[in-house]
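Here's the structure we're looking at; comments come further down.
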Amino acid sequence: MCAGTQGKVRKKLSEKLGEDKIGTMFCLGHCYETSSFHYNGHNYSGNDIDQIDEIIKGKKTNTKNINSVSHATKSILMGENLSTVEKFKDLLSQILKKDKKETLQTITESNLCGRGGAGFPTGMKWNFCSQQKVKKKYVVCNADEGDSGAFSDRYLLEDQPLKVLFGMIVCGYIIGSDEGVLYIRGEYPKSIEIINRTINELKKLNLLGKDILGTDFSYDLYICIGQGAYICGEETALIASIEGRRAEVDVRPPYPTVEGLYKKPTVVNNVETLAAIPGILKHGAKSFSSIGNVKSAGTKLVCLDSLFKNPGVYEMDMGTPMKKIIYDIGGGFIKPVKALQVGGPLGGVIPIKEVEKLNLDFQEFAKAGFMLGHGSIVSIPEDFNMIKYIHHLFKFSAEESCGKCFPGRLGSYRGKEMFDQAINKTNKIPIKLLNELLITMQKGSLCALCGAIPLPIQNILKYFTDEFKTDINQEA
Amino acid sequence: MSKNISKLSGRKGLKDNLFKRMINTASKSKNGKEIKQLAEEYHVGMSTIHGAESFYEFLRPEHKEKKHGYVMEVHVCAQEHKVK
Ligand SMILES: Cc1cc2nc3c(=O)[nH]c(=O)nc-3n(C[C@H](O)[C@H](O)[C@H](O)COP(=O)(O)O)c2cc1C
Ligand code: SF4
């Protein structure tokens, strides 16, 4: 896996720095050009490794920007809306003059659903939190984008920071909060820098801070930097992390809207969800709700990895045929691909023939036994061994699970062991036991990390067992 | 238990965020003195700080020792990378 240039990157780095100085980090969000590495607080990718001598001397390379294009009927996430602080100020002063209920109704009627994976209606979440009769409330922007293949939040944080911050401020205004925090993964140093700079700029212009634009609404924003734990993307683990606790998942209810950060009512929203807010408020609820269907409305960012001829992040109308995304927008593949994993490591593994039948729609994906999730697409080459792929999935949940619940903690390791043995040819895959394990994890896990990892594994077992028939023990 | 820690951490809130302080302490501390101070300041046990710190990959000593380069660990990314 990743043996290609990743091995080359490691070799070059260890030649220059020494093997004992080389560590590993999880996805750096450069999947559109790969060969990624992190050096002294900065990320590099593509051909940057060829300039390693200059990088060590302190040269900053001009890492390529993410290829980003909107193919939406009306761009909400990439367009010119809010591209300057002047536009930000205009829209914010309009909102601060309006009745909060009216603004909330626009969000609700837009049918915007959370883009972090769970798809909860945003207007409803904000409404629940606004109804809590508590003085202190928080808004948390979930910028812990850890899904392999995903870089859409990174794109928004770095290229559209005003949209994200605007969404947070409006949320704070509506629910009655005076503080918010962006939890940004440490693997995204440039995002942290840009958001920090933008917050300071807004403060100087009194678009953040005390009595914003002469009103009695005050709002402050902070940044928390993730420290390399995938589970921190799960909202209760993320809250625990901000509080300085172990990032273990909490039992819900109570949901964060009732008892969230520091046990106060909290709205946790994904970066993309928040970034959609200004576009919706500027163009009206209908401009969003009229795209796609009720539960999958509006536009959505989709990330295509470097096996596509045109890798990048694209804004698409919900409901767009996947065939169009893969072949017209993505240009097809640079080498034969047999399946796509859509929606991160917990998303479905979909054979190409099946994915071509689908549209970009949360419900359609779920009905077909897959998951659209956050919208990242990782291509699985024809010659890639599916036993190794399942092994990687189990290894991922074993390493990244928080260890709080038994099915998650033990199940992931037992699964990994089964596939260690299958790869080493010391034992065949005990298929009955594996199926029982997957069901136990699905039904018994506390959260969707170890609870959803069985989905892509079941997909592989359903569609690709022919590839490893002889490695299966049907009796065990 | 966690409710108590949440509320204690919430006394200082986001302005003087415990997690941020932990990160700063972890980057400097070679002995337990700073951790003890931090625990006292937030009225939590030292084990709470140690326990939390040990959870995060970037705060572990072995990670900090690798001061320089990190190769991306690709768990679920099946790419045979494009060599340009
Ligand atoms: C294991 C796991 C990882 C998650 N990772 C993320 C993430 O990186 N970003 C995110 O916004 N939501 C993530 N979520 C979903 C969050 O728990 C939560 O539903 C979301 O942030 C809510 O925001 P939304 O309503 O805007 O989608 C994750 C959930 C699970 C179970
Ligand atoms: S399913 Fe995994 S990540 Fe989620 S609570 Fe259980 S052990 Fe933790």
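Remarks
- Inter-site label distance for residue A:178 and residue A:203 at 7 Å from Cα along Cβ, in nm: 1.6 nm
- Scalar couplings 3J(HN,Hα) for the stretch A:205-214, obtained by applying the Karplus form with A = 6.51, B = -1.76, C = 1.60 to θ = phi - 60°, are 8, 6, 9, 9, x, 7, 6, 4, 6, x Hz; x denotes Gly and Pro.
- Contact with the other protein chains removes 10 Å² or more of accessible area, compared with the isolated chain and a 1.4 Å probe, from these residues of the stretch A:133-158: A:138, A:148.
- For chain A, the alpha-carbon coordinates run over 71, 52, 45 Å along the three principal axes, in decreasing order.
- At least 20 Å² of accessible area lost relative to the chain alone, listed for the stretch A:33-55 with a 1.4 Å probe: A:33, A:34, A:36, A:38, A:39, A:40, A:47
- Size of the stretch A:378-473: Rg and Dmax of its alpha carbons, in Å, are 12.6, 37.
- Residue-wise HN-Hα coupling along the stretch A:88-99, computed from phi with Karplus coefficients 6.51, -1.76, 1.60 (Hz; x: Gly, Pro): 4, 5, 4, 5, 5, 5, 4, 5, 5, 8, 7, 5
- The simple Förster model, with R0 at 45 Å and r as the Cβ-Cβ distance, assigns residue B:41 and residue A:462 a FRET efficiency of 0.25.
- Around the amide H of residue A:224, modelled in the peptide plane, lie the amide H atoms of A:182, A:183, A:184, all under 5 Å away and 5 or more residues distant in sequence or on another chain.
- Buried surface between chains B and A: roughly 5500 Å² of accessible area, summed over both sides, computed with a 1.4 Å probe on protein heavy atoms only.
- Sum of -39500 (n - 2.57) over DSSP H runs of 4+, divided by residues of the protein assembly as shown (222 nm, nearest 500): -13000 deg cm²/dmol
- Per residue value of the accessible surface for the stretch A:299-377 (all protein chains in place, 1.4 Å probe), Å²: 28 Å²
- In this simple spin-label approximation, residue A:436 and residue A:190 carry label points 7 Å from Cα along the Cα→Cβ vector, and these lie 5.0 nm apart.
- For residue A:337, the residues whose modelled amide H falls within less than 5 Å of its own, excluding neighbours fewer than 5 places apart on the same chain, are A:382.
- Accessible area of chain A belonging to carbon and sulfur atoms, whole % at 1.4 Å probe: 50 percent
- Put the Cα centre of the stretch A:448-463 next to the Cα centre of the stretch A:246-300 and the gap is 26 Å.
- Estimated FRET transfer efficiency when R0 is 30 angstrom, pair residue B:60-residue A:59 (beta carbons, to 0.05): 0.50
- Against the main long axis of the alpha-carbon atoms of chain A, helix A:386-400 sits at an angle near 50°.
- The separation of the stretch A:186-205 from the stretch A:360-420, counted between C-alpha centres, amounts to 33 Å.
- Given R0 = 25 Å, the distance between the Cβ atoms of residue A:80 and residue A:294 translates into a calculated FRET efficiency of 0.35.
- Maximal additional length on extending the residue A:425-residue A:327 stretch stands at 31.4 nm, based on 0.36 nm per residue less the C-alpha distance.
- Extension gain for residue A:218-residue A:97 works out to 42.1 nm (0.36 nm per residue, less the C-alpha to C-alpha distance).
- Label-point gap, in nm, between residue A:334 and residue A:51 - each point 7 angstrom along Cα→Cβ: 1.9 nm
- In chain A, the longest principal axis of the Cα atoms and the axis of helix A:454-464 are about 50 degrees apart.
- Amide H contacts for residue A:270 (H built 1.01 Å from N in the peptide plane; partners 5 or more residues away or on another chain; cut-off under 5 Å): A:115, A:116, A:142.
The values are calculated or read from the model by the stated rules, or taken from the named source; none is laboratory data. A quick note: this is a predicted structure, and the numbers were derived from the prediction, not measured. Ideal geometry is used to build each Cβ from the backbone, glycine not excepted, and the neighbour counts take in all protein chains shown. Heads up: the accessible areas ignore ligands, DNA and RNA and are worked out on the full protein's heavy atoms, side chains in. Shrake-Rupley method; radii C 1.70, N 1.55, O 1.52, S 1.80 Å.
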